[in-house]
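What follows is a set of notes on a single structure, which appears directly below.
What follows is calculated from the coordinates using simple rules that are stated; it is not laboratory data. Keep in mind it's a predicted model, so treat the numbers as computed, not measured. All Cβ positions, glycine included, derive from the backbone under ideal geometry; neighbour counts span all protein chains shown.
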Amino acid sequence: MAIDSKVVARAAHLARLRVDDSETAELSARLNDILGMVDQLQQANVDQVEPLAHPLEVSQPLRDDRVTEPDVRDKVLPLAPASEDGCFLVPRVIE
Amino acid sequence: MHDKTLTELKAGLHAGDFSSRELTEHFLDRIKRHDGELNSFITVTEAQALQQADAADQAIAAGDHRLLTGLPIAHKDIFCTEGVRTSCGSRMLDNFVAPYTATTVEKMAREGAVMLGKTNMDEFAMGSSNETSFYGPVKNPWDTERVPGGSSGGAAASLAARLTPGATGTDTGGSIRQPAALNSVTGLKPTYGRVSRWGMIAFASSLDQAGPLGLSAADCALMLQAMAGHDEKDSTCLNEPVDDYLGALDHSVDGLKIGVPEEFFPDNLDGAIADNAREAMRELEKQGAKLVKLSLPSIKLSVPAYYVIAPAEASSNLSRFDGVRFGYRCEDPKDLEDLYKRSRSEGFGAEVKRRILVGTYALSAGYYDAYYKRAQKVRRLIRDDFSRAFKDVDVIMGPTSPETAFKLGAKADDPVNMYMADVFTIAVNLAGLPALSMPSGFINGLPAGTQVIGNYFQEGRILNVAHRYQMATDWHQQAPGGFA
Amino acid sequence: MSHSGNWEVVIGLEVHVQLATDSKIFSGTSTQTGDEPNRHASLIDLGMPGTLPVVNKEAIRNAIRFGLAVNADIARRSVFERKNYFYPDLPKGYQTTQLAEPIVGAGEVEIQLENGDKKVVRIHHAHLEEDAGKSLHEDFHGQTGIDLNRAGTPLIEIVSEPDMSSAEEAVAFARKLHSIVTSLGICDGDMSQGNMRFDVNISIRRPGEPLGTRTETKNLNSFRFMEKAIALEVARQIDVLEDGGEIVQETRLYNGDTNTARSMRTKEDANDYRYFPCPDLLPVMVSEEEIQTLRDQLPELPDARKARYIGRYQLSDYDAELLSGSIATARYFEAAAEHGGDAKLAANWVMGELAAKLNAEDKDISESPVSAEHLGELIQRLKDGTISSKIAKQVFEACWNGDGGPDQIIEAQGLKQMSDSGELEKIVDQVIADSPAQVEDYRNSDDAKRKKKIGFFVGQVMKATQGKANPQQVNQLLQEKL
């Protein structure tokens, strides 16, 4: 399926990326190149094949329910672009 | 001092030929003199390095010799290092001073390593030429008009120019092996789950793996010995005993069965590249190894499968860079949407954004089955191809890269062409196998590398094969001119 | 033009249950609440670059316990996936949850209605996931503050089939789930703190017609609000459809203070969540042995408890249902019955006086100022004749108001029943002497009328004794003397 500017705009919104109109054509062309290459996948006969998420098929180790992580607030808040009263600050969120 | 391997430097420190401080100052001085030209470091941690060197000298004096005591190492800037900027090659993290240290860095420090600094890389490890770094491209020391490969380009270039005797890298689709080949150094990507991913900034979680780059297979064995092992902080890091990599180096290769897949020698492959890899295998044949022709039919689809899986995982992994808790935030966001969109658009470079968009698209409603799920099925086919092959052979070999280092900017506008740089390395990541690239000669004055792929947890075996090859050849000892 | 009547209501619930583990689902961070913002937000919970999740064993076990309690299939293999969307209280930009392979499969729960009717509500599945943080809108001068203490707290989301057809059924189901998870001890059930959250999917249709468009109502932090919110939404949908309008698929936010709801978002701006298996986590495998062990260790569940109340305490089905319905009520009742030595009396008091007071003051039984032990003490005093039931109510009231334990109150306020018949006889004589007209009237009446008329004298005696006389004794004395 060919990518047009509408598809680019939709994906960009989902990914919270701003794509200016001036970039859309170039970007659509590049994405079409990539997806064109990726479309070789459609040749594969995978009818009876299960997807493989991890190369080694092992199971999830489980952790004991113990508190091991320290309070790092004073270390991490200074990394934030904006913070106040122990909270990270963002422009007002309207529900 | 800088022409010595890590193994030789270790012996020198042990013998008291020089101190760790002298060694560290020597490399710091070389970085100062030569890195202006190469741009292989993003951050040099001089004060910290000297402190660690002094501590190492005290340890040596006290008879406390560990695996890496007093040896300078450069870490790829993808590993979190507490108190030191960890940029991942991105404007997004230009101001990010990590609040903790990656397990790999921690383990090497515990073995006495001295950190020289953080090496340059493609932004978020997305690239094969090191041109996507926010800090500018790294130059190939063999020809500074050419790329060093990527994404661990800074690691490979600094090593080749002898600005560091050892380096760490990460490999998601070839990011250790391809730059190793393009710079004539040895680089190993371990089995997926052999080395902890804790503290390593994620690109594609099911493919990413950290590994060493060194001047020899023996050096890689030494570093891997310190890096490998279980970490309960990483669910995908396996609880398997760590082999004695150093002890296995000298094993004979007599009778070794080397698989030679026809897919690694396609008709359109540059004849010089093909000949170079064949020549390397002939050298091992001389030592008693046997070549076995085989086919891995599904690996033809490894590049397309990779360029669905890796961007899909990346699109999700990179969502945390939202300008809220750390990293870049745009000026004066007018609302939340504006904050997200501008912070991310200004903080990420073009290739990162392209991959996020491809990944977002591949996972979006209506395309998931056609792209992501299908790619995961192809992934199984690829793994099964390798598993079948390893029933008959001990290792699989071929060229690491389909070409030698290309000119800076040559592929900048052609992502798909760029992606083909990893055509021989990507299948290994999809299958999760260990593989290394070793220097195997020069084509028109530019380095070429040969890849040795092993079965799961056979790092010891492929290091052994590379070591035996390096015992008989001196490609790995050659250094680029101009960095005296 | 009204076509009202003949609307069928179709309700399904999505219930978020916060699991009472010590640490979070994917990190070893404390789940403690009430502390300063971001004191319990570790590097992992903050989504720091390079951090990774590891699954909490107890969260898995708690989900399995729930599954076993509702006779559900337990998945031997379940998979965590990422649900991708941007929100400031979601640090990683995705929520780790389960979709295609949840840990708990189809199950069922039996509910009982006011009229005694029983009904089975099917559970579609229940899955494990992490909670988000909180957005704080006050005190940040027009901006929003983000507190991630709650981020990563384990939740199970229980999704029912749309099997309920009234607010009463939905509330009965919600109460039953509440009772199950609190009996299992996997959740404290505190709805006011959002530790158990109910989202209600509602649609209406004409009988025989296909399902209508549904809406989802959120923010129901008590059963009372749930009932009101459903009534409100059903009425709204009927109005819309009867006016020729269409129901829009949307999420609605209920406000309990004003009993109103407003649209939060419609399907048009619904996200495309791009679910895919989380590559940082591996499939969770559960062995038969593990499941069997958990099954063997399950505590008593509400249905079993109810059967026990009927069998052992001889309570009626109705009483047993009410008392076994909530673990807190059941624990209270059992302690009071034990202490008081009379289950029937304890049941009457818990469902009568105590329930009325709790209701009037909008308190949970766990907040009752009268402890189960004190109620037991009161029952003892009733049984041994120290006080009359009338005085008992007075003692209960005093105890509720913090005047001390029943014995203490009876002693301090001199409320012991008058047992000295000589003293009582004097008072009876006095009452008879003071009321000649009534005595005359009584004596001229037949037996049937006398039975009514004696009440006057009893009342006078009780008044004179401030209620401390034993009513039976008074009756007997009056009959003799009159």
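Worth a mention:
- Difference of contour (0.36 nm per residue) and Cα-Cα distance, B:Gln48 to B:Asp332: 98.6 nm
- Sites matching GluC sites (Glu not before Pro) across the stretch C:47-120 that sit in DSSP coil, with at most 13 neighbouring C-beta atoms within 10 Å: C:Glu114
- Remark: C:Glu209, B:Glu123, C:Glu130 ranked as C:Glu209, C:Glu130, B:Glu123, counting other beta-carbon atoms within 10 Å and listing the fewest first.
- Basic side chains Lys and Arg get +1 at the Cβ, acidic Asp and Glu get -1 at the Cβ, and with that the dipole of the stretch C:27-181 about its Cα centre reaches some 580 debye.
- Burial ordering of B:Phe265, C:Phe333, fewest other beta-carbon atoms within 10 Å first: B:Phe265, C:Phe333
- Rel. contact order, % - alpha carbon contacts under 8 angstrom, at least six apart, chain B: 18
- Rel. contact order, % - alpha carbon contacts under 8 angstrom, at least six apart, the stretch B:1-86: 37
- Fraction of alpha-carbon pairs over 43 Å apart in chain C - percent: 33
- Span-like helix check, chain B: qualifying full DSSP H segments, with Cα axial length of 18 Å or more and mean Kyte-Doolittle of 0.0 or more, are B:302-317, B:350-363.
- Candidate lysines - alpha carbon under 17 Å from B:Lys32, same-chain residues fewer than 8 apart omitted: B:Lys118, B:Lys139
- In the structure shown, the pairs C:Lys134/C:Lys218; B:Lys233/B:Lys341; B:Lys107/C:Lys24 are assessed against 23 Å; a Cα-Cα span above that value is assigned to B:Lys233/B:Lys341; B:Lys107/C:Lys24.
- Expected-Rg normalisation [2.2 N^0.38 Å, Cα atoms] applied to the protein assembly as shown: 1.21
- Cα-based convex hull, the stretch C:156-263, per residue volume (Å³, whole number): 103
- Across the stretch B:1-85, Cα-Cα distances exceeding 18 Å account for 45% of all pairs.
- Mean Cβ count within 10 Å, highest first, over the residues of peptides B:85-95, C:371-381: B:85-95, C:371-381
- With the Kirkwood sum run over all distinct C-alpha pairs, the stretch C:291-389 has a hydrodynamic radius of 14.1 Å.
- Take each residue in B:371-377, count the other chain C-beta atoms within 10 Å of its C-beta, and the mean is 6.
- Pair C:Lys452, C:Gln479: separation of 7 Å Cα→Cβ label points (nm): 1.9
- Of the peptides B:213-222, C:473-482, the ranking by mean beta-carbon count within 10 Å, highest at the top, reads B:213-222, C:473-482.
- Peptides ranked, highest mean first, by Cβ atoms within 10 Å: ranges C:406-412, A:24-30: C:406-412, A:24-30
- Angle in degrees between helix C:57-69 and the longest Cα principal axis of chain C, rounded to the nearest 10: 60
- Residue-averaged beta-carbon neighbours from other chains (10 angstrom radius) around A:27-34: 5
- Among the residues of C:134-147, the average count of other protein chain beta-carbon atoms within 10 Å of the residue beta-carbon is 5.
- Based on the Kirkwood approach, the hydrodynamic radius assigned to chain A is 19.4 Å, with every pair of different Cα atoms included.
- Counting only DSSP H runs of at least 4 residues, each contributing -39500 (n - 2.57), and dividing by the residue count of the protein assembly as shown, the helix-based mean residue ellipticity at 222 nm comes to -11500 deg cm²/dmol.
- Working note: Cα atoms of the stretch C:341-418, range along each principal axis, descending, whole Å: 36, 26, 19.
- Top positive-direction residue, dipole computed over chain A with Cβ charges, set A:Ile94, A:Ala11, A:Thr68: A:Ile94
- Antiparallel content of DSSP bridges confined to the stretch B:70-210, in %, to 5: 50
- Debye, to nearest 20: dipole size of the protein assembly as shown, +1 on Lys, Arg Cβ, -1 on Asp, Glu Cβ: 760
- Separation between Cα centres of the stretch B:300-377 and the stretch C:292-323, rounded to whole Å: 52
- Placing unit charges on the Cβ atoms only, positive for Lys and Arg and negative for Asp and Glu, gives the stretch C:163-241 a dipole magnitude near 80 debye about its Cα centre.
- The stretch C:95-116 and the stretch C:20-89: distance between their alpha carbon centers, rounded to Å: 19
- Listed residue (C:Gly34, B:Gly366, C:Ala69) projecting farthest to the positive dipole end of the protein assembly as shown, Cβ model: B:Gly366
- Projecting the Cα atoms of C:Ala469, B:Ser252, B:Leu93 onto the dipole axis of the protein assembly as shown, where Lys and Arg carry +1 and Asp and Glu carry -1 at the beta carbon, places B:Ser252 farthest toward the positive end.
- Loop-located GluC sites (Glu not before Pro) in the stretch B:234-340 (DSSP state not H, G, I, E or B) with no more than 15 neighbouring Cβ atoms inside 10 Å: B:Glu331.
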